[in-house]
Structures are given as structure tokens and as C-alpha cells.
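Scroll down for the structure; my scribbles are underneath it.
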There are 2 protein chains.
Amino acid sequence: MKKIDICLSPDLIDQYDLSGTVVVVIDILRATSSITTAIAHGVNIIRPVETLGECRELKLNGFVGAAERNGKKVGGFDMGNSPLSYMNPDLEDTNIAITTTNGTITLKKSKGALQVILGSFLNYSAILTYLERLPCDVLLHCAGWKGKINLEDTLFAGAVVLGLKQMFEYDSDVPAMAAKLYKSAKDNLKSAIEDSSHYSRLMELGLEEDINFCLKFDEYKVIPVMKGDNISKLKLADMLF
Amino acid sequence: MKKIDICLSPDLIDQYDLSGTVVVVIDILRATSSITTAIAHGVNIIRPVETLGECRELKLNGFVGAAERNGKKVGGFDMGNSPLSYMNPDLEDTNIAITTTNGTITLKKSKGALQVILGSFLNYSAILTYLERLPCDVLLHCAGWKGKINLEDTLFAGAVVLGLKQMFEYDSDVPAMAAKLYKSAKDNLKSAIEDSSHYSRLMELGLEEDINFCLKFDEYKVIPVMKGDNISKLKLADMLF
């Protein structure tokens, strides 16, 4: 039987054997939500980079530069990490270089997997449909906040586990724990995450609209996939079944 | 306000600043339950060691040798990791060297804290009473299984957070998550952990009696404390208030 597990922090990723596994990177507030939005709105490729320097260099080479640190857009770049800003029609067919506090490092640490895709509430059902049909094991890789486990990424991972029902065997105690937390939160997701640390952080920055958007289910049907250094839209030819 | 946090795996301990913090090490099945039982039954000191070799050497130097690997007693040693075996009156005033799969490494990784104490359901109320009166921050350090987060240690950490009510400020999302999991499990703890990986492991080894005992609340009033290399009974002079 196929197995599913959840890695609750990129600091725990060394515990998992990624070869032969499809990894779903999760950074609900806001990297994977923003990247999904960008891909859905026609952005060509997104290249996640770790440092502001790399991002600046790519900007000089024709990329749109997107940089966020601690929830804020970094000065001198074209955009930050707000999903709403990626709905801009001017971004269609552009290439974006992006650096964020947590998402970028989680993507990097997922390398070595059979395939790395990006999940968020915005493409929840698309992710489920894809995972259901996969012939291999799945690892849900939560970005957290600076390595620390966070609520919103855990809840989304729990939602995926719950949505997949009994198709996968749980490979540790964590899938059942996350599913239980999601079950008790799902009727009012927003109020459930109101006590979370990152919620308060973003609210203080005036980003409530971002939060509301990131908690919407199934706005998009696209799945962003990492190929080499770039993220693009998962196409038929990329599908592993 | 004093802060409380939960480190769900020893692999995450580097995220925390332990100086000025009291750490509660938690390995419900079974190291901290067994050590609490031993201390309550009059064992003088317990020295946790990492390797079987160290344990053997201490045995040659007058220690009782207790060794467990993957749930099983290791051949050639006096005892394993069953709490029931530590109720033996012959162990009174003895010194025990112990090596276990997960507990020992969690204790070692807690060094650098202001104080390291050991918690289990068996001394739940004693732990709460002590933590309530402390003037400093608290970190609940779960042993897990070979670094992986597990259910029973998370549930106990949640029980402690819930028991302390609003006396501590949560320093991450994890305390509220663990408290919520415990709340939904507390009416039938045994059935809640029946799906856990370690439960199945111990059941296969015929250790149901051990599990039942480890889930009992407040069998003992003692708190084991780590001083230097040894664990002994927390005395009035050790209390940090």
C-alpha cells in the first residue's frame, strides 16, 4: 500500500527518504499560495532563490524580482509575497525570481524527491486528485516559520490526509494527528488560525485580505511543479502515472 | 509573563534557547515512566548512558545495568525498560545505569537548561504543581521515536499545557495544537493511542500491562531531576523558587 507522511518542519527533513517519493511543499501564509496564484495567472516560470543577492542578480537578467523577509516586501524589488499582487495581467508569460522567509528553503530541502509539487488551499482538490492517482509514496513537507512547526501548514497537511481517506497508509503518528487537528478546525478555519503566531504577524502588517484569500478552497486547478531550478505549471507530460 | 513551548522531537532542540529554561523530558512509553517509577521506589541514582558499552562498564563498577533497544531488554543486562520491573524492593538504594532507544538522547540534548526534570502521566500533578510555582520559562521536550514525532509524548505535553491553564504564554503554535489533541483524547487515552506506531510495537512485544501502567495518572508524587550525569529525586533544596 502507498504510504503518506508529514514532515512538520524543514529541520526534520533528514528523517525522510525522499527518493521514490512525491513531496508536496506547503507554505500556506503565503509562499505556496502566492506561487499557485502566479502560475494560475499565466506566469511562465518562478525561480525560488535563497538570498536577496541572487534575487537582485536575476532581476538584472530580465526576471521580475520578488522578495519578502519577515512578512514584508523588501525595498528595491518589484514585488513581495502577497498572492493578490500576483493576479496582475502584466505578469503573464514573465519569469519571476522569488525569495521568501520560509518557502524557499523548504523547496530547496525537498530536492532529491521523485517530484516536488506545491500545495495550498487554493489548489486543494487539484492536489488531491493528483495524489490519489500516483503510484508512489507521498510526503507533505510543511515550511513552518523559521524551522518552527506552525498551525496553518499543519492544518492543510491534515486536510490533505483527510481528503485522501484510506488510500494511503500512515507512515508515522503525524498524519493522524494533523487530520484530527484539521477535523476540529475545518468548520471555521479562520477562527482556528486566529491564535497562530503567523496570523498575528500578518495582521499587524495589515495583511488580512491576504490571509482571507489564502484560506479559500479551490480557487485554481493548477499544480505548480519544481523542475530543476524552476517552478512551472504541471502539464500532462509531467504526471507520474 | 512566563513562556511555555513544546519541542516535539529531539531533532528540533537546536531551535530553542535552553538557558534560563526548565526542561521537562517526556518519553511516556517508557523511559520517563520507568525512571519515575524507579525513583518513587527508592532507587538512589539513575545514570542514563548512550551506548551498551558504557552501560556494561558501569555494571562492572557496581551499577545495576538496564538496557533496552527497540522496545526489548538487551541480553546480558539486569533489566530492560519496563516500569513494572522497577517496583522491585531489591532496587532500593541501588544505582542504575540505563540506556534506552529514545529517552537517553533526549536527556542528553536537554543539557544546558537551567534544570532538567522528567515527566510522565505517573507524576503529572507533581509536575504541574512544580511548574506553576517556577519563576522561569518552561520547555516540554518530547522524545518521540528515533527523532520522529509521536502521539503519546505529544498528548502528555498537551495535558501539561492544559493543566497549567493561562499561567504561561505560548511561545509557538505547538502548545495550543498539543492541548487541542489532548482535549479530544483525554476521555479515553488508551483508545486514542491505539493507532499510534509505538503502541503497536509494544503490543507485539506483549507489553500491554506496561502501556496500561504508563497511562495511569498520579501514581507517584516524586519528580526525577537530572543533576550532572545522574537522575535523582527532586528535593526541596533543588527547587527553583
### Query
Looking at this structure, is B:Lys221 among the charged types (D, E, K, R), loosely packed, with under 13 Cβ neighbours inside 10 Å and modelled with pLDDT of 95 or more?
yes
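Checking the condition among the hydrophobic types (A, V, I, L, M, F, W, C), within 21 Å of the chain's Cα centre (by Cα), modelled with pLDDT of 95 or more and surrounded by 20 or more Cβ atoms within 10 Å (Cβ to Cβ), which residue from B:Val74, B:Val64 passes?
Working: B:Val74 fails: surrounded by 20 or more Cβ atoms within 10 Å (Cβ to Cβ).
Sole residue among the options that is among the hydrophobic types (A, V, I, L, M, F, W, C), within 21 Å of the chain's Cα centre (by Cα), modelled with pLDDT of 95 or more and surrounded by 20 or more Cβ atoms within 10 Å (Cβ to Cβ): B:Val64.
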### Task
For the range A:217-226, enumerate the residues that are part of a strand (DSSP E or B) and in contact with a Ser or Thr (Cβ under 7 Å, 6 or more places away or on another chain).
A:Pro224, A:Val225
## Note on the structure
Residues in the range A:161-200 that are within 11 Å of another protein chain (Cβ to nearest Cβ), in a loop (DSSP other than H, G, I, E, B) and either of a type in the set (Lys, Arg) or crowded, with 20+ Cβ neighbours inside 10 Å (or both) total 3
### Neighbours by Cβ (under 7 Å, 6+ apart or cross-chain): first from the range A:110-128, hydroxyl-bearing (Ser, Thr, Tyr); second surrounded by fewer than 19 Cβ atoms within 10 Å (Cβ to Cβ) and in a loop (DSSP other than H, G, I, E, B)
A:Tyr124/A:Phe217; A:Tyr124/A:Asp218; A:Ser125/A:Asp218
### Query
Are any of the residues in the range B:39-56 surrounded by fewer than 23 Cβ atoms within 10 Å (Cβ to Cβ), in contact with a strand residue (DSSP E or B) (Cβ under 6 Å, 6 or more places away or on another chain) and either closer than 13 Å to B:Ser110 by Cβ or among the acidic types (Asp, Glu) (or both)?
no
### Message
Which count do you get for residues in the range A:227-241 that are part of a strand (DSSP E or B) and modelled with pLDDT under 95?
### Response
0
#### Entry: One residue from B:Thr104, B:Thr99, B:Thr94 being within 23 Å of B:Leu8 (Cα to Cα) and touching a Gly at 6+ places or on another chain (Cβ under 9 Å)
B:Thr99
### Query
Could we say that B:Thr129 is β-branched (Val, Ile, Thr) and out of contact with any strand residue (DSSP E or B) (no Cβ under 8 Å at 6 or more places or on another chain) here?
yes
### Query
Is it fair to say A:Leu155 is more than 24 Å from A:Gly42 (Cα to Cα) and buried (at least 23 other Cβ atoms within 10 Å of the Cβ)?
yes
### Message
Restricting to the range A:4-46, name every residue that is under 20 Å from A:Pro175 (Cβ atoms), away from chain B (no Cβ under 12 Å) and either of a type in the set (Asp, Glu) or not in a loop (DSSP other than H, G, I, E, B) (or both).
### Response
A:Ile4, A:Asp17, A:Thr21, A:Val22, A:Val23, A:Val24, A:Val25, A:Ile26, A:Asp27, A:Thr32
### Query
Does A:Asp218 fit the bill of being in contact with a Cys (Cβ under 6 Å, 6 or more places away or on another chain) and acidic (Asp, Glu)?
no
### Query
Looking at the range B:78-89, which of the residues that are of a type in the set (A, V, I, L, M, F, W, C) and in contact (Cβ under 8 Å) with a residue 24 or more places away in the chain is surrounded by the most Cβ atoms within 10 Å (Cβ to Cβ)?
B:Leu84
#### Entry: Check on B:Thr104, within 16 Å of the chain's Cα centre (by Cα), within 30 Å of B:Tyr170 (Cβ to Cβ), surrounded by 17 or more Cβ atoms within 10 Å (Cβ to Cβ) and at pLDDT below 95
yes
### Message
Every residue in the range B:113-157 that is at pLDDT below 95 and of a type in the set (Gly, Ala, Ser), please.
### Response
B:Gly147
### Task
Please go through the range B:203-216 and pick out each residue that is assigned to a helix (DSSP H, G or I) and surrounded by fewer than 18 Cβ atoms within 10 Å (Cβ to Cβ).
B:Met203, B:Glu204, B:Glu208, B:Glu209, B:Asn212
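Return the residue satisfying two criteria in turn: it lies in the range B:125-160 and is assigned to a helix (DSSP H, G or I) and in contact with a Ser or Thr (Cβ under 8 Å, 6 or more places away or on another chain), and of such residues it is farthest from the other protein chains (Cβ to nearest Cβ).
Step one: of the range B:125-160, the residues assigned to a helix (DSSP H, G or I) are B:125-133, B:151-160.
Restricting the remaining residues to those that are in contact with a Ser or Thr (Cβ under 8 Å, 6 or more places away or on another chain) gives B:151-152, B:156.
Working: B:Leu151: 4, B:Glu152: 8, B:Phe156: 13 Å.
So the residue we want is B:Phe156.
The values are calculated or read from the model by the stated rules, or taken from the named source; none is laboratory data. What you see is a predicted model; the values in this text were computed from it and never measured. Note: ideal-geometry Cβ built from the backbone for every residue, glycine included; neighbour counts use all protein chains shown.
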